[in-house]
Amino acid sequence: MLILAIESSCDDTAAAVLEPESRIRSSVVSSQNEIHARFGGIVPELASRRHIEMIRPVVDQALEQAGVGLDDIDLVAATQGPGLVGSLLVGFTFAKALALVRGLPCVGVDHMAGHLLSCLLEDPRPAFPYTALIVSGGNTSLFSVDDPLTFSRLGRTRDDAAGEAFDKVAKLLGLGYPGGPMISRLAAEGDPTAIAFPRARLDADSLDFSFSGLKTSVAAQINACRSQSEGPSVADICASFQEAVVDVLADKTLAAAERTGHGRVVLGGGVAANPRLRTVLAERCADNGLELFLPAPALCTDNAAMIGLAGYYRFLGNHLAEADADAYSRSPLN
Ligand code: KG4
């Protein structure tokens, strides 16, 4: 079986062709970072308009790179939600129209399900069940993944997502968008103990997150630095901020794994590309006898291959999208 998958939930237009359970034949991601960088965040209307321009060329490129044509495709999968509705509608409507015209089955996929299953796209693959931390620009959540269609949420952020905190702190420091990669690069040259930023652990047994207090504390620190001739460097602020985020993410993930009793932990979402988070989680999991699965960074950030795989399982479960199925902004999983 050959699947054509489309992802357009936010600011990247992505398409992939894959053979489920075996290999990704192609995965194309067209980034809009240049368009949104000067605004320090995503402008929804600009994102939708760019998806309209890019959807056809990106799908064509995915087919070409896979060395196949539309006649070879057996299933079309696209992200149905959550995300920016204008952006989602471009990819999801394109997929439904294509499927209708070609007489193919079409499935709508939850973006979170894609992230939760992306670890199954490369070896070694975790067996079910596993505990997953999904940490991106729009989400920071912990899940128990029991099988490819059964996910239960264990905790989530009560305010900002971790990636959003990275982006907002980068904006305060004038580092541009997206902030995560720039902050993690600068953090490598800074002292993570320079500033003791707060760690919001919430109630003792809570697996929820909160990053807005940390962001406010960084803003106060930056303002204080402006009025002093000497103070911590930008690299020190980045390293100390990153350490506070990573500390809490690692603590809660380990607590979630303890609660589920799963021996396997999976990481996903754009912030999973953060080298410090990968190192700390690897150390903490090894110390606690847990197996950690870290997808390649290209599978952690938004991509269509993960949507194709999650779509395949929905197809097996006979969850097909009707022609009038609508996109949704909030995930029922989250
Ligand atoms: O999953 P993703 O590609 O898409 C959305 O959530 O839309 O994640 C993007 C997020 C951004 O907030 C970005 O700043 C963050 O992932 N990110 C990182 C790193 N690379 C990307 N955050 C921390 N460290 C990184 N190296």
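The values are calculated or read from the model by the stated rules, or taken from the named source; none is laboratory data. Owing to the predicted nature of the structure, the values given are computational and were not obtained by experimental measurement. For neighbour counting, all protein chains shown are included, and Cβ atoms are generated from backbone atoms with ideal geometry for every residue, glycine included. Keep in mind that these areas ignore ligands, DNA and RNA; they rest on the heavy atoms of the full protein, side chains included. Shrake-Rupley method; radii C 1.70, N 1.55, O 1.52, S 1.80 Å.
Some points to look at:
- Residues Glu230 and Leu316, FRET efficiency given R0 of 56 Å [Cβ-Cβ distance, rounded to 0.05]: 0.35
- 3J(HN,Hα) along region 31-36: 7, 10, 3, 4, 5, 8 Hz, from the Karplus curve 6.51 cos²θ - 1.76 cosθ + 1.60 with θ = phi - 60°, whole Hz, x for Gly and Pro.
- Paramagnetic label reach from Arg38 (point 7 Å along Cα→Cβ; backbone nitrogen cut-off under 15 Å): within region 150-189, residues 176-177.
- In the chain, the longest principal axis of the Cα atoms and the axis of helix 85-102 are about 20 degrees apart.
- Counting only protein heavy atoms and a probe of 1.4 Å, the accessible surface of region 91-170 is 54% carbon and sulfur.
- Taking a sphere under 12 Å around the Cβ of Ser331 and counting the other residues whose Cβ falls inside, with K and R at +1 and D and E at -1, yields a net charge of +2.
- Coupling constants for region 129-137 follow from the phi torsions by the Karplus curve (6.51 cos²θ - 1.76 cosθ + 1.60, θ = phi - 60°), and in residue order they are x, 9, 9, 10, 9, 10, 9, 9, x Hz; glycine and proline get x.
- In the chain, lysine pairs with alpha-carbon atoms under 24 angstrom apart (chain gap of 8 or more, or interchain): 4
- 0 to 90° range, to nearest 10: angle between helix 162-172 axis and the chain longest Cα axis: 60 degrees
- Cα gyration tensor, region 67-129 - rounded (a/c under 1.5), prolate or oblate: oblate
- Placing +1 on the Cβ of every Lys and Arg and -1 on the Cβ of every Asp and Glu, with no other charges, gives region 1-58 a dipole of roughly 140 debye about its Cα centre.
- Segments 44-57, 297-310 sorted - mean Cβ within 10 Å per residue, highest first: 297-310, 44-57
- Dipole-positive endmost among Tyr130, Gly114, Ser141 within region 106-161 (Cβ charges, Cα centre): Ser141
- 13 Å beta-carbon shell around Lys96, net charge (K/R +1, D/E -1): -2
- Residue-span extension gain [Leu202 to Arg23] - 0.36 nm each, minus C-alpha spacing: 60.3 nm
- The angle between the Cα long axis of helix 234-260 and the main principal axis of the chain comes to about 60°, on a 0 to 90 degree scale.
- Its Cα gyration tensor gives region 112-172 an equivalent ellipsoid, and the semi-axes of that ellipsoid, as √(5λ) in whole Å with the largest first, are 25, 13, 7.
- Charged side chains reduced to their Cβ positions (Lys and Arg at +1, Asp and Glu at -1) give the chain a dipole of some 480 debye around its Cα centre.
- Cα-based shape type of region 21-131, given that a ≥ b ≥ c are square roots of the gyration tensor eigenvalues and the cut on a/c is 1.5: oblate
- In region 247-334, the GluC sites (Glu not before Pro) that fall in loop regions by DSSP, at most 13 other Cβ within 10 Å: Glu322
- Radius 11 Å from Cβ of Pro198, net charge of other residues (Lys, Arg +1; Asp, Glu -1): +2
- Inter-part distance, region 10-55 to region 77-138, computed on C-alpha centroids, equals 13 Å.
- Taking amide H positions as modeled 1.01 Å from N, with prolines and chain starts lacking one, the residues under 5 Å from Phe293 and 5 or more places away or on another chain are Val265, Val266, Leu267.
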